[in-house]
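The values are calculated or read from the model by the stated rules, or taken from the named source; none is laboratory data. Because the structure is predicted, anything quoted here is derived from the model rather than measured. Glycine gets a Cβ as well: all are built from the backbone with ideal geometry, and neighbour counts include every protein chain shown.
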Amino acid sequence: MVKTETRRLGPLYLTLPLANVAVMFLWMSVGAFVLPVHVQRITGVNDVAALGLANSIGPLMATIANPVFGQISDRTRSRFGRRSPWILGCVAIGVLALLAQANAASVLMLGISWAGVQTIMNGYQAAVTAILPDRVPPRRYGTFSALVGLGTPVATIAGALMFMSFPQLAAGGAYYVVMVVLAVAAVLIVFASPDTSSAGLAREPFRLGEFMAAFVKPLRNANFTWAFVSRFGVMLGYFIIFTFNLFLLEEFIKIPKAEVVPKMAVLMLIGQVATLAAVLVIGPISDRIGRFRLFALIAGLSSAVTLAVPLFLPTFEGMIVYNVTHGIAFGIYLAVDMALVTKVLPDAADAGKDMGVINIANAGPQILAPAVAAFVVTQGGYASLFVVGIVVSLIGAVGVLKIKGVR
C-alpha cells in the first residue's frame with residue numbers, strides 16, 4: 001500500500017509545484033512587469049488611473065470563476081479524472097486570451113483581454129489547487145503546502161531574472177514566454193502524474209439552486225471563514241505593494257526611470273530568495289511538529305511590522321531591508337497556508353469547490369490589488385499604500401487567532 005502511495009505521489013512532488021509556478025509566473029510577470037509597461041506604451045506616461053482601469057474589469061469575473069470552476073471540476077466525470085480536462089482546457093483558452101492581450105492597442109482592450117485571461121486561468125488554478133486535498137495524505141500536508149507555496153517566490157525569481165537579463169521582454173515579449181511555460185506545466189501535470197479515472201463516480205443531478213447555494217455553505221463553517229479572512233488579509237497586504245512596485249520606486253523612492261526596471265528586478269530577486277528560503281525551512285518543520293496555525297500567526301504579525309520599514313526609510317536601501325524581512329514573513333505564511341486551509345475544509349467530497357472558494361482569498365488580492373492601490377495612491381499618495389498594507393495584514397493575523405482546533 002505504501003509503495004502504491006509513494007509511486008502515485010512521486011511525480012506530484014515535481015509536477016504540482018511546477019503547475020503552481022506556471023500560474024504564478026503569469027500573475028507576477030504580466031501583472032507586475034508587463035501590464036504597467038503596456039499601459040506606459042499605450043498612454044505615454046505613468047498613468048495610475050489607466051493602470052487601475054486595465055485591472056478593474058476582470059476582478060469580479062475572475063474571483064467568481066475560481067469556485068465555479070472548482071465545483072464544475074468536482075462534478076466532472078472522465079477517464080482522465082476530475083481535474084485534468086480543466087487544466088488542459090483552461091490553458092488552451094488562456095493562451096488565446098494572452099495572445100489577444102499581447103496585441104491590445106488601447107487601455108480598454110487591454111483591460112478586456114486581461115479580464116479574459118484572469119477568468120479562464122482562475123479555472124486552471126482551481127483545478128490545480130484541488131489536487132492537494134484530492135491526492136495527498138494528511139501526513140504530507142506540510143511538505144506539499146510548502147511545495148505549492150514555492151510557486152510565488154520561484155515564479156517571481158524567474159520573472160526577475162528574466163527581466164534583469166532581457167528587460168526588453170517587458171515591452172511584450174514576455175507574453176509569449178508565459179504562454180510556453182503554462183502549456184508545458186499543464187502537459188506535465190496531466191500526463192506525467194495522471195489522475196485516476198472519475199468515470200465510475202456517482203453523478204449528482206444538476207440543480208441550479210443547490211449549485212449556487214453550495215458556494216455559501218463552506219462559509220458557514222467558522223474555521224473555514226477565518227482561514228479565508230486570514231489568507232485575504234496577508235495576501236492583500238503583500239500584493240497591494242507588489243503590484244505598484246514600478247510606479248512606487250519611481251515616484252516614492254525616486255529611482256530614475258532608466259534604472260527602475262533592473263533595480264525593481266534586483267529587489268524582487270532579493271525578496272523572493274528570502275521567501276524561498278523561509279518556505280523551504282518552515283514547511284518540513286511544520287510537518288514535523290504539526291504546528292500550522294502558530295506559523296501563520298507569526299507570518300501575519302511579521303508582515304504588518306515589516307511593511308512599516310519604507311515609511312521610515314524611503315530609500316533604495318530601505319526597500320532592500322523591506323524586501324528581505326517581508327519576504328521572510330511571506331515565506332513563512334506560504335509554507336503553512338495550504339496545510340492550514342486543507343485542515344479546515346468542511347467536506348472532502350467538495351474539495352474542488354471549497355478550495356475554489358478559499359482561492360478567492362488568494363487570487364482575489366492579486367487581482368484586486370492594482371485597483372485598490374490606484375484608489376489609495378490617488379487619495380493619499382504612495383506612503384498610504386504601506387499604511388493600508390499594515391492594516392490588512394493585521395486583519396489577517398486576527399483571522400488566524402480565531403481558528404479553533406488546529407495547532
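Filtered by the rule that a residue be closer than 18 Å to ASN66 by Cβ and of a type in the set (A, V, I, L, M), segment 106-149 gives ALA115, VAL117, ILE120, MET121, ALA126, ALA127, VAL128, ALA130, ILE131, LEU132, VAL148.
Can you pull out every residue in segment 389-405 that is surrounded by fewer than 23 Cβ atoms within 10 Å (Cβ to Cβ) and within 9 Å of LEU307 (Cβ to Cβ)? Within segment 389-405, just ILE390 meets the criteria. One residue stands out in segment 200-222 among those that are part of a loop (DSSP other than H, G, I, E, B), among the small types (Gly, Ala, Ser) and surrounded by fewer than 12 Cβ atoms within 10 Å (Cβ to Cβ): the one that is modelled with the lowest pLDDT, namely ALA202.
Residue selection: PHE228 fails the criterion of being within 30 Å of LEU35 (Cα to Cα), exposed (fewer than 14 other Cβ atoms within 10 Å of the Cβ), at pLDDT 85 or above and of a type in the set (A, V, I, L, M, F, W, C). Considering segment 277-296 alone, what residues qualify as being surrounded by 21 or more Cβ atoms within 10 Å (Cβ to Cβ) and either in contact with a strand residue (DSSP E or B) (Cβ under 9 Å, 6 or more places away or on another chain) or at pLDDT 85 or above (or both)? Scanning segment 277-296 gives ALA278, VAL279, ILE282, PHE295, ALA296.
Within segment 63-86, being in contact with a helix residue (DSSP H, G or I) (Cβ under 6 Å, 6 or more places away or on another chain) and within 18 Å of VAL23 (Cβ to Cβ) holds for THR63, ALA65, ASN66, PRO67, PHE69, GLY70, SER73, ARG83, SER84, TRP86.
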